[in-house]
Each structure stands twice: as structure tokens, then as C-alpha cells.
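Notes follow once the structure below has been shown.
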Amino acid sequence: MPGSERGRIMMKYADLVEQHAEELTLLESLDAGKPRMATRAVDLGTSVRSLRYFAGAADKIHGETLKMSRQFQGHTLREPIGVAGLIIPWNFPAIMFFSKVAPALAAGCTMVVKPAEQTPLSALYFAHLAKQAGVPDGVINVITGFGPTAGAAIASHMDVDMVSFTGSTSVGRLVMEASARSNLKPVSLELGGKSPLIVFDDADVDMAVGLAISANFFNKGEACVAASRVYLQEGIYDGFVKKLAQRMESWVVGDPFDPRVNQGPQVDKVQCERVLSYIDHGKREGATVLTGGKPCGQSGYYIEPTVFTDVKDDMIIAKEEIFGPVMCLMKFR
């Protein structure tokens, strides 16, 4: 299929995702606990834009002609790699689906997509819409299952030509090892982080507080780019802490289908308990709880947005990715 035709189908696919945005938003909020309003605007909006962007690239994948030494010339030819194994995380199921599927479609690859076992619903719906858009049978294959079985099968399969995985560092190591032991397939890994946010004395305090809240508590803190280490210059520290505490008083945790809610539940019991364990570590290591620090509500996997002050760089909460609504404040000169 020529690139122009792939691009046309992908544009139709994007239109269908946009037309079914309400159903997809409900599935995503139900599956992942995301606040409905933010899911519609951010997750589905980003997904559609990503699909359209790569649709525009589908007929612009060209090689180069190179002048070599003396009478020789060379040229490069870009070809589909083949079967792509795409393993999707649970924190942004829709966005990550298209961040992997869209470029693979544009390049002319076929693919096996495994959504996280916690959040498979949107991927299955996307596969349904792909068929309606005219994506040929066998191009997008969505399988559901657990990492040690379905994910391991993709990483170790001799007929899968590359793997793209987004998830934890520990599982990423297993994916790379399985890929090497099988057919030495290339691997693309995105394994989270522990990003810093640095605020100097001359910063706008109100703006800095707003950015820190967004960088830590958006999507319940389940984000690989969460700026969970906030370094504050000593001159701004006290004012920042005071305004942050005031702002957090109006932060609403609860039902993700309630339009007043800022933060829904963590994705499942395992992740909820993991985050609470890190909070307990922080308390034991001597950090001070400014806000939150405990479960929220009588049932469900809700956690109060937690801010620690007096955090030191050698504390576990400052070194390890928590993947939950936990902010660490640290002072510097």
C-alpha cells in the first residue's frame, strides 16, 4: 500500500476517534480512574493530533542520495521494519496507544499491540475503529493478557522484528533480555523517571506553585514526567510552602465522573499500596507531611495528595519513582 493511501486511511481513523471521543472518554475514565473532563481534553485530544501528525508523514518517508568518493554514489532506502511488538502502559492508555501505533502505521508496519492488563478497554475500541477506517485485517492486532505471558511472548517471539515498551525499569530489563535472547530484535524503551522542578528566588511564586501542582498531581501522579522533586531556593521556600498548602485545600479527590474532581483513584490496589508504602517510608526517614499522607475516603484506591517538606536527597522518596500523588520539597542556597 503506498504511503498516500496509508495517510488517507489514518486521517479517516483520526476522524472516527474524534467522532467517538465521548465513548472513549468514558472507557478511559472507567478503566484508569482518570477525571472525565481532563481525559476528554488531554488524552483523546492528544491521541487524535498524534494520529493526524503521523498520517501527514506517511507519504514523506524518503531516503537520500549520497555523493561518495570518486565515481561512486550511494543511496539510503527506508523500509518497514516488519512486525512491531507494542506494549502499552496503564497510565495513559490512549495517548501511548497512538504514540506507538501511529508511526508504525505511517511506516507501513504490521503490529501486535498489548495494552496493560489494568486498562485494556480503549485499545480494543481503537482496534474496532481501525477496521471501520479501512485498516486492512492483520495490520493492527490487539491482544490482552498479563506481562509474564502475553508481554513475554511478544518480546521473545522470533517473528516479531522490533519491540517498543513503556513501563517500569525492572520490566524493561526483562524485555531487553528476551529480545536479545531471541532474534536480537531492536528495542525501544521508555522507563519513567524522577524529574526535578527547580524554583529560584526571583520566580513568580503563584505561577511556580501552580506548575508544581500540575507537574505532580495531574493524572494522580501516575506520569513518567512528574516533577516529583521540587528544589526551592531558600529565599522563596517559606512563601512557596505557605501558598502550596493553601492551594491544596481546594484540591478535590473523588469520583472521576464528577466534574468538580481533580484527582481520581489510583489505577488498582497494587499501585495504591505501593504509593502508600512510599509515603510511610518518607515519614520514617524524617520528612514532614505538609498535606495528605493517608488514604482518602471509606473505599476505593484514593490517596490524599501528599506534600513532604524537609526532604533530603538520600531519602527513598527523593530517589525512587513513586508514580503517585506525592511531592517532595527540598531547599537549596
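Here, each number is a calculation from the coordinates, and none is a lab measurement. Everything numeric here is computed off the predicted structure, so don't read it as measured data. Glycine also receives a Cβ, built like all others from the backbone with ideal geometry; neighbour counts cover every protein chain displayed.
Remarks
- Net charge of the neighbourhood of Gln271, taken over other residues with C-beta under 10 Å away and scored Lys/Arg +1, Asp/Glu -1, is 0.
- For the range 196-331, the gyration tensor built on C-alpha atoms gives an oblate shape. Its axis ratio a/c (a ≥ b ≥ c) is at least 1.5, and a/b is not larger than b/c.
- Applying 1/(1 + (r/R0)^6) with R0 = 35 Å to the Cβ-Cβ distance of Arg70 and Ala152 gives a FRET efficiency near 0.10.
- Cα shape, the range 227-298, gyration tensor, a/c 1.5 rule: oblate
- Oblate is the label for the range 3-190, because the ratio a/c of its alpha-carbon gyration tensor axes (a ≥ b ≥ c) is 1.5 or higher and a/b is not greater than b/c.
- Förster-model FRET efficiency, 41 Å R0, Met11 and Lys319, C-beta, rounded to 0.05: 0.35
- Residue list for the range 1-32, given a label point 7 angstrom along the Cα-to-Cβ vector of Tyr53 and an amide N cut-off under 16 Å: 11, 14
- Principal-axis tilt of helix 93-107 within the chain, Cα atoms, nearest 10 degrees: 20 degrees
- Taken about its Cα centre, the chain carries a charge dipole of about 600 debye when Lys and Arg each add +1 at the Cβ and Asp and Glu each add -1 at the Cβ.
- Across the alpha-carbon set of the chain, the Rg to Rh ratio works out to 1.03, Rh being the Kirkwood radius.
- Distance between the pseudo-spin-label points of Asp159 and Asp258 (7 Å out from Cα toward the beta carbon): 5.1 nm.
- Charge context of Glu18, other residues only, Cβ under 12 angstrom, K/R +1, D/E -1: +1
- Selection among Ala94, Val83, Ile198 by position relative to the dipole of the chain gives Val83 as farthest towards the positive end (Cβ unit charges, Cα centre).
- Listed by chain and number, the aspartates and glutamates placed with their C-alpha closer than 13 angstrom to that of Lys194 are Glu222, Asp313, Glu320, Glu321; residues fewer than eight positions away on the same chain are left out.
- Note on the range 196-331: with charges restricted to the Cβ of Lys and Arg (+1) and Asp and Glu (-1), its dipole about the Cα centre is near 280 debye.
- Set Lys34/Lys100; Lys34/Lys331; Lys242/Lys331 screened for pairs whose C-alpha atoms are more than 23 Å apart: Lys34/Lys331
- Size of electric dipole in the range 166-261: Cβ of Lys, Arg +1 and of Asp, Glu -1, about Cα centre, debye, nearest 20: 540 debye
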